[in-house]
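Scroll down for the structure; my scribbles are underneath it.
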Amino acid sequence: MPEDDEDNADTAKSWSLAEVETFLSAAKVERLYAAWLMSAYGMRRSEVLGMRWTRFSDEALKVRRGRVAIGTETEENLPKSKRSNRDIPPPAELAAALRALKTRQRRECLALGIEWSDDRLIVVDEVGEAIRPERYSDSFQRLRSRAGLRRIQLKGLRNTSVSLMLAQGIPVHIVAAFHGHNPSMSLSVYSDAQPEDLQAAGASLFG
């Protein structure tokens, strides 16, 4: 199965800042809020689903593996490319959400009599089973619909992260390093100008 949903004529490429904030506000009540934050900060689905607690600290999320669907099976492999292998300094909100999720999962393990291990995957259900990639994408669409937002693919959160960073004037090589791809990809594939960006560009031309 492809990493993300198939393209659809009615699917937008990315969201505005207001839309992603609306999504995250709706997702705050979700058990896996930390996972949605990782996606919103531009991590690939495979990277989110392949992240383990041993690779998280307040200083870095170490992207070293990815989990992808191969037919009816799910495999854990090396990252998509050499650039994908990176350390992401987690913003404070993300680090706090991950710590809260870890505490919750420890309680779940205790209640079920399951031995805790820091080597376990971060994105698991209440009984410690890994979340399949397609289930994660389906959950995103349910959350998006419930929040009343325009339809985008799950990878549209990655597009959104890149676009917003570029719109804020963050140098393209830093945006590329954060997201784990070539700088040219940041500009040619992932960047998406929002209406307000175009309006601001026009207003500044002869101002």
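Taken together, the values in this text are just the output of simple stated rules run on the coordinates, not laboratory data. All of these numbers come straight from a predicted model, not from anything done at the bench. Note: ideal-geometry Cβ built from the backbone for every residue, glycine included; neighbour counts use all protein chains shown.
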How long is the gain from ASP118 to ALA92 if the chain were fully straight, where each residue apart is worth 0.36 nm and the alpha carbon distance is subtracted?
7.3 nm
Rounded to the nearest 5, what % of DSSP beta bridges with both residues in region 1-154 are antiparallel?
90 percent
Find the relative contact order for region 17-202 and round it to a whole percent, using C-alpha pairs within less than 8 Å whose residues are 6+ positions apart.
25 percent
Residues of region 22-39 with the amide nitrogen closer than 20 Å to a label point 7 Å from the Cα of VAL127, along Cα-to-Cβ, please.
31-32
